[in-house]
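**Q** This structure is in structure tokens; I'll ask about it shortly.
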Amino acid sequence: MNAPRTQLLIDTDPGVDDALAILMAHAHADVVALTVAAGNVGLEHTVANALKLVELVGATTPVHAGCATPLVLPAADASFVHGRDGFGDIGYAPAAARASSEHAANAMVRLARERPGQLTLVALGPLTNLALALRLEPQLPTLIRRLVVMGGAVSGRGNFERVPTEFNIGFDPEAAHVVFAHWPQFELVDWEACVRHALPFERYDALLAAGGGMARFYGRIAATARAFNAANGRGGMVVADALAMAVALAPDLVRSAQARHVGVELAGSLTRGATVVDWDARCGRAANARIVLEVDQAGFEAMVARGLALPATV
């Protein structure tokens with residue numbers, strides 16, 4: 001008898017690495033909804049991109065639009081990596097479907113109440129929607145089976161305008177603080193782990209070449225991001241959200257992890273949004289994060305390959 005498929009609720013801001021993660025999710029699990037925030041690009045584009053991915057895989061996954069801005073202060077997007085529309089500015093035809101009228105935060109709470117203890121929540125973007133959901137339903141952590149967060153830079157080597165800060169946390173530090181302070185146990189896949197597990201360009205290009213229509217589409221939308229990675233001296237394509245999705249889908253891929261307390265810095269012109277890890281248990285606070293340090297690279301790449309092998313329906 002086959003094991004039941006994982007039920008995923010994905011909070012996202014597509015973005016090309018989000019796109020790969022969403023393809024992987026539809027190949028390996030049951031996706032109950034996509035809740036969407038601004039982040040990599042503005043909300044109009046992230047919602048359109050989510051709808052397009054659902055159409056491409058031939059799914060009926062509901063898409064719920066959420067927060068168009070961070071909770072407190074405005075933040076710059078990452079269009080210089082992903083393209084102005086988040087999908088490499090290729091000019092794709094918009095999806096026929098439209099987003100649900102239910103706000104993302106409300107949808108999170110409703111779905112968690114309808115399926116208590118069943119959902120794995122994968123947070124791939126800024127945590128704005130999830131912070132609002134927590135304010136609406138403080139018992140949300142008791143209703144969600146697992147929370148996997150892509151975010152942070154656990155030793156201060158970030159990718160945001162403030163040096164130690166990672167983009168998702170830096171875009172909305174207050175939202176991240178709400179989640180980290182009120183979710184007792186979550187799994188954290190940080191930016192530095194994602195860099196260590198970049199897809200070497202030779203293997204990344206081979207995965208695209210071996211795929212079908214979906215791989216061709218992904219190669220087009222990710223061309224800007226691939227060029228950015230190469231120009232910045234990385235040895236391969238960093239697909240951060242795909243790594244977090246692999247951890248969510250296949251926990252056995254994790255080869256090394258440490259449980260530590262992680263907080264978010266809310267002040268400082270250089271440090272706002274930094275993730276502060278109590279590596280030596282000095283603050284007296286319980287560990288709230290299982291920090292993923294290493295995964296099985298071959299297993300991760302196999303999961304990516306399966307996502308890229310999905311047929312594209314349009």
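**Q** What strands (runs of 3 or more DSSP E) lie completely within the stretch 251-300 and have 1 or more residues being closer than 30 Å to Pro74 by Cβ? Working first, answer last.
**A** Values: elements: 254-260, 262-264, 275-277, 289-295.
Filter on the stretch 251-300 gives 262-264, 275-277, 289-295.
**Q** Which one of the conditions (1) under 18 Å from the mean Cα position of the chain (by Cα); (2) farther than 20 Å from Ala246 by Cα does Glu161 fail to meet, given that it meets all the rest?
**A** Every condition holds for Glu161 apart from (1).
**Q** In the stretch 199-228, how many are within 20 Å of Gly83 (Cβ to Cβ), touching a strand residue (DSSP E or B) at 6+ places or on another chain (Cβ under 7 Å) and not in a helix (DSSP H, G or I)?
**A** 1
**Q** Follow-up. Which of (1) surrounded by 15 or more Cβ atoms within 10 Å (Cβ to Cβ); (2) touching a Leu at 6+ places or on another chain (Cβ under 9 Å); (3) touching a residue at least 60 places away in the same chain (Cβ under 8 Å); (4) under 23 Å from Pro14 (Cα atoms) does Cys194 not meet, given it meets every other one?
**A** (3)
**Q** Sticking with this structure for a sec: Sort through Val163, Val148 and tell me the only one that's part of a loop (DSSP other than H, G, I, E, B) and aliphatic (A, V, I, L, M).
**A** On the way: Val148 fails: part of a loop (DSSP other than H, G, I, E, B).
None of the others qualify; the one that does is Val163.
**Q** Moving on to the next point. Give the number of residues within the stretch 204-227 that are under 26 Å from Arg157 (Cβ atoms) and crowded, with 17+ Cβ neighbours inside 10 Å.
**A** Within the stretch 204-227, residues that are under 26 Å from Arg157 (Cβ atoms) and crowded, with 17+ Cβ neighbours inside 10 Å number 5.
**Q** Something else about it: Considering only residues of the stretch 23-49 that are within 15 Å of the chain's Cα centre (by Cα), assigned to a helix (DSSP H, G or I) and in contact (Cβ under 8 Å) with a residue 40 or more places away in the chain, which is surrounded by the most Cβ atoms within 10 Å (Cβ to Cβ)?
**A** This residue is Thr46.
**Q** Among the residues of the stretch 88-104, are any on the phi < 0 side of the Ramachandran plot, buried (at least 24 other Cβ atoms within 10 Å of the Cβ), assigned to a loop (DSSP other than H, G, I, E, B) and among the aromatic types (Phe, Trp, Tyr)?
**A** For the stretch 88-104, residues on the phi < 0 side of the Ramachandran plot, buried (at least 24 other Cβ atoms within 10 Å of the Cβ), assigned to a loop (DSSP other than H, G, I, E, B) and among the aromatic types (Phe, Trp, Tyr): absent.
Each reported figure results from applying straightforward, stated rules to the coordinates on display, with no laboratory input. Fair warning: this is a prediction, and the values are worked out from it, not measured in the lab. Note: ideal-geometry Cβ built from the backbone for every residue, glycine included; neighbour counts use all protein chains shown.
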